[in-house]
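Nothing in this text is a laboratory measurement; each read-out follows from the coordinates by a stated rule. For clarity, every value in this text was computed on a predicted model and none was experimentally measured. Reconstructed Cβ throughout: ideal geometry from the backbone, glycine too, with neighbour counts over all protein chains shown.
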Amino acid sequence: MRKPLAPDTRTLVVRILAITLSVVAALAATVLLAEAAIQDGLDAWDVVRSGLIFITTAWLAWGASLAFSGLPGRAARLRDEVPAAPQPPTVVLVPICNEEPVATFARIAAMDASVQAAGVRADFAILSDTRDEAAALKERHAYVRLLEETGGQGRIFYRRRNSNRGRKAGNIEEFIRTSGGAYDFAVILDADSLMDGAAIRTMIARMQADPQLGLLQTLPRVIGSRSLFGRAMQFAAAFHGPVFTRGLARMQGHTGPFWGHNAIVRIRAFAESCALPELTGRPPFGGHILSHDYVEAALLARAGWSVRVDGAIEGSYEEGPDNLLAYARRDRRWCQGNLQHMRLLTAPGLSAWSRFVFVQGIFAYLVSLLWAGFMLASIAATLTAPAPDYFPEPHALFPVFPSDRSKEITALVFGIAGLLVLPKVAIWTGAALSRRDRGFGGTLKAGLSVLTEIALSSVIAPVMLMYQSRSVLQVLSGRDGGWPANQRGEGRLRWRDGVQAGLWISAVGAVTLLVASSVAPDLAPWLLPVCLPMLAAPALITLTSRRLGRSLFDIPEERDTPEIVRLYTVTHASWQSGAQGKAPQATPETGVADAAL
Amino acid sequence: MKPELELPSQSDLDIVEAAHWMPPHAPMEMPEQQLERPRARAAARSRARARGWRFWPSLSFRQRV
């Protein structure tokens, strides 16, 4: 086994700066809180609160440092890279499990046309883990139609496993065990992924050019969202995502991320280092590794391969959840998968940074519990605080009032809010200067979208905090949430759905506010920004799932629809309506041409 | 509403997977990776035999059978 690649100087500098910023911000927050908290004497709750504010602020500052690391400079466009001849054999893997077959196979038809237009020779392998026989039959019909319309016999394959051992990771592993020797590279997709031929061509060229590169991850753009929630997420991913990803790439260096799809792997590297064992014990901590992608990236790095992310590769798309409940359901799965990584923190041979990445993933969920703990500790500290002593000196003529520490608390609140808001404002400023905001409706409209997204994410944050805290407690107490299939295309929610899903959050918010008002009235106003959105949880869940026009949250893909998206839309519509005819053809000049309807 | 797919004319409900549907047969070795240290693995096994791995044994929302 080769040694993990050492980080270069630039990567080390970025890491040191980010860690320094996080520690300094956390220390400043802790000092401000401690100064306010210990004016009536130091007690155990003050120590707990100080510890919690240190950790949570460090986490927020870490997120901000990712954005700041990605701000300087602009990545070059990479669309024109061409693989050297002879082109290495490449396969596009599409693992599916109980997906809607018309949409899934229409995407493959579109990608096949785009790949051929780009002059890339790539096979497609649809790897089905669908267990339901009726759904599997629909898949087979859709596959036959796909072959008919693309002429894809001999280059578009379909196989269904007898058992779905290891879920998606096991599905890909089984393909590599039986067919991996036929290919040099595999592009791994999700059922809702779309990648154009030029993007795949660039990725192959990059893999060819760097023999140490084991995996190259792209940043998929979220497309197709229609609701307020979905469009806000879609905008944030398109506007802020590239900067955060550039920061991530600079910080992670050779030990980059794998997000499970829209990435290319070197099959030899993947085969020699990524066969995942089952962990001892039962789920949620034992059994199959759920968040397998993080682990596969760490194992590739352990075996001496480079893992990179490049957000500048265009033509990579996916769909996102269109309402808060779908998001929370996905988050529940990710929460269990990330917490399972606690078992892997001491895995032999991993690089220190890979372990740190696991810690970050675990923390992404634990931090909700820590914020909730901070709130409860603040209420407890107020409850147990001694009564003010206005005459500490006997026989004093004048009372001594406790010094006012509102300034420190206000500074703390603004500092924490600043860590959340400043990176986004900085990204907006950068986009205005570089004119990147033109694709987002111009400087003003992009600015309005940024502010609205900040407001919306602030309002739904307490609701998400509750869902995440519940998920963490469920996992820590041993409850396995399984890994149910995504419910794609689910959008508008009824009021009944919102009330059913959010009533418990309203109840927790009401109780918290009532208790705080009765036992610590001074603290109650500070809790309002958290408790009011909790009270309104059913309304937030329902209303944010409602359709939003293009008044806000424009993204470049809506203003100028990418060819691959247009091709997929046309193919999907054609298949849905049952229209017969040849599949849309792509042309080398444009990537794709209009569908022959 | 789920979209309906019109069936291709030559297929019927008894559609069967054909040999050419399968990807090429080109086996590749994929050695299973070690992620748990042997000692931790043995300890975890004995715990698993007893009641399954659990991060926080004192906090249980449901009774295991």
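What to note about this one:
- Segment A:130-181 and segment A:298-317 have Cα centres separated by 25 Å.
- Per-residue mean of foreign Cβ neighbours for A:273-284 is 5 (Cβ atoms of other chains, 10 Å radius).
- Backbone N within segment A:294-312 under 18 Å of label point (7 Å from A:R10 Cα along the Cβ vector): A:306-312
- Column: log10 I(q)/I(0), Debye, Cα scatterers of segment A:300-389, q = 0.14 Å⁻¹: -0.81
- Mean Kyte hydropathy of 0.0 or more with a Cα span along the axis of at least 20 Å, helices from DSSP in chain A: A:9-37, A:44-70, A:101-117, A:352-384, A:406-434, A:442-476, A:495-519
- Per-peptide packing, taken as the mean over residues of other Cβ atoms within 10 Å, places A:250-257, A:345-352 in the sequence A:250-257, A:345-352 from highest down.
- Cα gyration tensor category, rounded, prolate or oblate, for segment A:232-370 with a/c compared to 1.5: oblate
- Taking Lys and Arg as +1 and Asp and Glu as -1, the other residues whose beta-carbon sits under 12 Å from that of A:R2 total +1.
- Farthest toward positive dipole pole in segment A:90-322 [+1 Lys/Arg, -1 Asp/Glu at C-beta], among A:I172, A:I108, A:F239: A:I172
- Ranked by the mean number of other Cβ atoms within 10 Å per residue, highest first, peptides A:317-323, A:534-540 order as A:317-323, A:534-540.
- Remark: A:T452, A:T280 ranked as A:T452, A:T280, counting other beta-carbon atoms within 10 Å and listing the fewest first.
- Cα gyration tensor shape of segment A:467-561, rounded if a/c is under 1.5, else prolate or oblate by comparing a/b with b/c: oblate
- Number of partner chain Cβ atoms within 10 Å, mean per residue of A:153-159: 3
- Base-10 log of normalised Debye intensity for segment A:90-322 (one unit scatterer per alpha-carbon) at q = 0.15 Å⁻¹: -1.08
- Remark on the protein assembly as shown: ratio of C-alpha radius of gyration to 2.2 N^0.38 Å is 1.03.
- Rounded if a/c under 1.5, otherwise prolate or oblate - segment A:320-468, Cα gyration tensor axes: oblate
- Size of electric dipole in segment A:90-322: Cβ of Lys, Arg +1 and of Asp, Glu -1, about Cα centre, debye, nearest 20: 340 debye
- Shielding by partners - mean other protein chain Cβ count within 10 Å, residues of A:176-186: 4
- Between segment A:505-526 and segment A:217-238, the C-alpha centres lie 35 angstrom from each other.
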